[in-house]
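The values are calculated or read from the model by the stated rules, or taken from the named source; none is laboratory data. From a predicted model like this one, the values you see are computed outputs, not experimental measurements. No Cβ is skipped: glycine too gets one built from the backbone with ideal geometry, and neighbour counts run over all protein chains shown. Just so you know, the surface numbers come from the protein's heavy atoms only, side chains and all, with ligands and any DNA or RNA stripped out. Shrake-Rupley method; radii C 1.70, N 1.55, O 1.52, S 1.80 Å.
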Amino acid sequence: MKTYWFTIMSNPEYEQLYQDLRTTAQHHGIEIHAVTTDPSRVSKVPVNTQLSKSVPASTIKLNPEEERIKRLKIEAILNAPSGYERLVYLDADTLLVNPSRITEINGSMKEPWQTQRALLPQQMNWLVNRRWQQRLWPLLKKEGLETFCPGGTDYRQEWNSGVIAGDRKFMEALAQAWLRWWSLLLDICDGYFERDQISYKFAYSQVARHQYGFETISPRYNCIVKRMGFLPDAAILHRAGLPKGTSGLRYRQVRQNWAIAKQTILDNRYQSWARSIT
């Protein structure tokens, strides 16, 4: 079964992380296709800074170029080269440990708890928040996603999109639904955008859960080191938003855990390769 492996490199940091991912992939005979954008174009696009004082800095209105960059993951799925039966997306900050059974994996990982992150971009103006909520809740009920409304079993539940795998038909259906929910949420929120995870979880629930019965993949295929440590049977390690700060014991411990896991994997791969040619 021919599998298309790919990642997104939208800035220099991801490009640097990709080098380690590619190194681990090469030891398994896997080619990671890198979907890129021109960073010089990004810097020349004016960012909308004329926001109301009631809008947090993390919430922005996307101009066309910014939106194109953020949608690269979706577009890469829909535009994957022909001839591949399966598609596997990996964040650039992942490492392949033992991907031999990836052909059995479908979907992405359900976070083990309901997150504290909001379902919509957050405005300090409660009237704006209320207006957006009054648009969202009826739509979710109409779409069969009432469990994501307040009090529902999936309220603030998320699925991590750092590793997504499945046969081509499923992946394309998921991406099309993701794109649809992206548009719906931008309309609900008057063009404001916060995270693509918001649209992803609604698309994932409709397609993966309701249509295909894919609730989650095993944590071993998305071992988020900062939370899980280094699982003994991990197939894919994920850096996943490792803190960049150096202050505080927790930050140091998290960064140290990733450094140890990364070095262990790279060393083991190199040692295995060296033994094979002696």
Do we have any residue at all in the stretch 178-186 that's in a strand (DSSP E or B), under 14 Å from residue 77 (Cβ atoms), in contact (Cβ under 8 Å) with a residue 60 or more places away in the chain and of a type outside the set (Gly, Ala, Ser)?
no
Quick one: what pairs do we get from the stretch 118-139, first residue farther than 17 Å from residue 195 by Cβ, second open to solvent by 60 Å² or more (accessible area, probe 1.4 Å) and part of a helix (DSSP H, G or I), C-beta under 9 Å, 6+ apart or different chains?
135/187; 137/146
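Evaluate the following for residue 75: is it of a type outside the set (Ser, Thr, Tyr), at pLDDT 80 or above, under 16 Å from the mean Cα position of the chain (by Cα) and open to solvent by 40 Å² or more (accessible area, probe 1.4 Å)?
Values: of a type outside the set (Ser, Thr, Tyr): yes; at pLDDT 80 or above: yes; under 16 Å from the mean Cα position of the chain (by Cα): yes; open to solvent by 40 Å² or more (accessible area, probe 1.4 Å): yes.
Judged against the criteria, residue 75 is a match.
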Quick one: what pairs do we get from the stretch 150-164, first residue over 24 Å from residue 235 (Cβ atoms), second part of a loop (DSSP other than H, G, I, E, B) and open to solvent by less than 60 Å² (accessible area, probe 1.4 Å), C-beta under 7 Å, 6+ apart or different chains?
155/149; 156/115; 156/119
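When the residues of the stretch 91-117 are filtered to those that are within 23 Å of residue 194 (Cβ to Cβ) and among the small types (Gly, Ala, Ser), which remaining residue is surrounded by the most Cβ atoms within 10 Å (Cβ to Cβ)?
Quick first cut of the stretch 91-117, residues within 23 Å of residue 194 (Cβ to Cβ) only: 91-93, 108-117.
Retained after the next criterion (residues that are among the small types (Gly, Ala, Ser)): 92, 108.
Numbers: 92: 23, 108: 26.
Filtering the stretch 91-117 for residues that are within 23 Å of residue 194 (Cβ to Cβ) and among the small types (Gly, Ala, Ser), the one surrounded by the most Cβ atoms within 10 Å (Cβ to Cβ) comes out as 108.
Return yes when residue 161 is under 19 Å from residue 210 (Cβ atoms), among the small types (Gly, Ala, Ser) and not in a helix (DSSP H, G or I) and no when it is not.
On the way: under 19 Å from residue 210 (Cβ atoms): yes; among the small types (Gly, Ala, Ser): yes; not in a helix (DSSP H, G or I): yes.
Taking the combined requirement at face value, the residue satisfies it.
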Checking the structure you have, find out if any residue of the stretch 134-143 is out of contact with any strand residue (DSSP E or B) (no Cβ under 7 Å at 6 or more places or on another chain) and open to solvent by less than 10 Å² (accessible area, probe 1.4 Å).
yes
